Amino acid sequence: MTRSELNAELARLKKRIAELENDIAELDKDSCSAGRARETETTTETETELGREEYIRYGRQMLVPEIGKPGQLALKKTKVLVVGAGGLGCPALTYLSGAGFGTIGIVDDDTVSLSNLPRQTLYSTTSIGMLKVDAAVEVLRSRNENVKYVCYPVAVRHDNVFDIVRQYDIVLDCTDTAMTRYLLGDATRLLSKPLISASALRTEAQLVVLNVGPDGPCYRCLFPNPPQHVEACSDAGIIGPVVAVAGTLQALEAIKLVSGHIPTAQQRTMTLFSAIYGPAWRSVRIRGWQKSCIVCGDRATVTESDITSGKYDYSEFCGIPDGYPDIDSSLSISVKELERRIKTPHVLLDVRDRTQYGICNLPDSINLPLSEMLGYDNPAALCSIVDQVNAEALPLFVICRFGNDSRTAVQLLRSSHRIRRVFDVTGGLDMWTEHVDSSFPRY
């Protein structure tokens, strides 16, 4: 063949390789959406024996009498699923992989962002933009390639949760939304899978082991009704080591379950951790199985088919959408309009909490947290604002971080204080950074 013919053949082959790679990517995407997953290779030899390298790797762990070789072999045979590869999931995955679980499934549809890095220790600046499941497995495999890693780059939903969960022996709930917690709680109970659930916020964390033992409770047995308001770490904040404590304990509880240390009724507790206030550690006795539970009680009404078909609506049960009031469009202004209107006399009210206001704020704004307005904790400050607005006939612009709390404040000022020229700033300070002043801190 001539040089030109060889180059033409090379170009044809490169094009064909690109087409095949695209086909593989589409198959991965379709299989994950259906509850299947991408699997990584593993060098584990057998499930009934340890290789020479594994004796060296896990030797310190096997020296612990409560583990020993039987416990290590049990770990090797166990499939554990981690739902959420964030602040809880990263330390949990690190120690599950290090302990030698045979198969680890990871579910998360999110990508790595800069704000993740202080807490989510499997990622680095080079991971930004990557799928968390891919970035996590890249690091985990570099530390222990004996483990089989299965990636699910999808969100857990009613139509895939059972297909995913039924493939595993233990499930760790490392998510941060009430809707997902109830969905996982119900699915694991109906499939009789142990669930290790944890949460962390600000300076506190908690952990509980569920669906274990004949009288062990499920998530709904403990929490039959969802909380009225659940704050997220992105709103309320979190200290990295606090969430790491909870995620590490989740891995520890999984190791304990596999090695035969099942909590008795007397040992059935919720572990509470506080980094600053009160005693650092507390164990609170929890109630057992509840016969009134709608998932596992004597007259249960929620079934697998109800969930997978969408008949049972978790968003409705948990009070989704966001719970913030809708206000008329005539009472909202954009950040670009705010930029124009604050050049004339006005009052700008920032309803974030005082900690957030101390991080950054717009010039000449007044800070009165929404919590103080709702609880009437600072009537003098509120009356001062109302009097100024009424006396000088000034427009009142209300702003917060994302444009949610400001809607509640606008509604309160109109209904309780009869202020008519009050306006919500749509999108809040986040949109101010986006569209007005890119140097304004975004946190």
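The values are calculated or read from the model by the stated rules, or taken from the named source; none is laboratory data. If you're wondering where the values come from, they're calculated on a predicted model, not measured in any experiment. Backbone-built Cβ (ideal geometry, glycine too); neighbour counts: all protein chains shown.
Quick notes on this structure:
- For the range 171-195, filtering for residues that are modelled with pLDDT under 95 and in contact with a strand residue (DSSP E or B) (Cβ under 9 Å, 6 or more places away or on another chain) leaves 1.
- Within the range 407-428, restricting attention to residues that are under 18 Å from Cys383 (Cα atoms), polar (S, T, N, Q) and within 33 Å of the chain's Cα centre (by Cα), the residue that is surrounded by the fewest Cβ atoms within 10 Å (Cβ to Cβ) is Gln411.
- Looking at the range 60-168, the strands (runs of 3 or more DSSP E) lying wholly inside it that each contain 1 or more residues that are in the same structural domain as Pro241 (by TED's automatic domain parsing) and either touching a Gly at 6+ places or on another chain (Cβ under 6 Å) or more than 27 Å from Leu190 (Cβ to Cβ) (or both) sit at 79-83, 148-152.
- Those residues of the range 118-133 which are within 18 Å of the chain's Cα centre (by Cα), without any contact (Cβ under 8 Å) to a residue 24 or more places away in the chain and crowded, with 16+ Cβ neighbours inside 10 Å, in sequence order: Leu131
- Count of the range 83-133 residues, restricted to those that are touching a helix residue (DSSP H, G or I) at 6+ places or on another chain (Cβ under 9 Å), more than 22 Å from Ile170 (Cβ to Cβ) and small (Gly, Ala, Ser), is 3.
- For beta carbons closer than 6 Å, sequence separation of 6+ or different chains, a first residue in the range 232-256 that is touching a residue at least 60 places away in the same chain (Cβ under 8 Å) and a second that is part of a helix (DSSP H, G or I) and of a type outside the set (Phe, Trp, Tyr), the qualifying pairs are Ala244/Pro91; Gly247/Pro91; Gly247/Ala92; Thr248/Pro91; Gln250/Ala92; Ala251/Ala92; Ala251/Leu96; Ile255/Ala99.
- The range 405-422: number of residues that are over 14 Å from Pro325 (Cα atoms) and not polar (S, T, N, Q): 6
- Filtered by the rule that a residue be loosely packed, with under 13 Cβ neighbours inside 10 Å, in a helix (DSSP H, G or I) and charged (D, E, K, R), the range 372-390 gives a lone residue, Asp387.
- Among the residues listed as Ser365, Ser416, Ser439, Ser371, the single one being more than 25 Å from Ile238 (Cβ to Cβ), modelled with pLDDT under 95 and of a type in the set (Ser, Thr, Tyr): Ser416
- Restricting Gly323, Gly297 to residues that are at pLDDT 95 or above, more than 30 Å from Val245 (Cα to Cα) and in a loop (DSSP other than H, G, I, E, B) narrows the list to Gly297.
- Subset of the range 172-197 that is in contact with a Cys (Cβ under 7 Å, 6 or more places away or on another chain) and small (Gly, Ala, Ser) - its residue that is farthest from Pro263 (Cα to Cα): Ala178
- Residue check: Val230 meets all listed conditions (1) surrounded by 14 or more Cβ atoms within 10 Å (Cβ to Cβ); (2) outside any loop (DSSP other than H, G, I, E, B); (3) of a type in the set (A, V, I, L, M, F, W, C) but one, namely (2).
- Here Leu413 does not fit the description of being touching an Asp or Glu at 6+ places or on another chain (Cβ under 6 Å), of a type in the set (A, V, I, L, M) and under 26 Å from Val230 (Cβ atoms).
- Qualifying residues in the range 325-359 (those that are of a type in the set (Gly, Ala, Ser) and without any contact (Cβ under 8 Å) to a residue 40 or more places away in the chain) - the one nearest to Asp437 (Cα to Cα): Gly358
- Residue that is surrounded by the most Cβ atoms within 10 Å (Cβ to Cβ), among those in the range 160-180 that are among the polar types (S, T, N, Q) and over 20 Å from Leu252 (Cα atoms): Thr180
- Residue list for the range 315-359, restricted to those being within 26 Å of Ala381 (Cα to Cα), over 33 Å from the mean Cα position of the chain (by Cα) and among the charged types (D, E, K, R): Glu339, Arg341, Lys343
- Taken as a whole, the condition of being in a helix (DSSP H, G or I), over 28 Å from the mean Cα position of the chain (by Cα) and over 13 Å from Ile327 (Cβ atoms) does not apply to Ser439.
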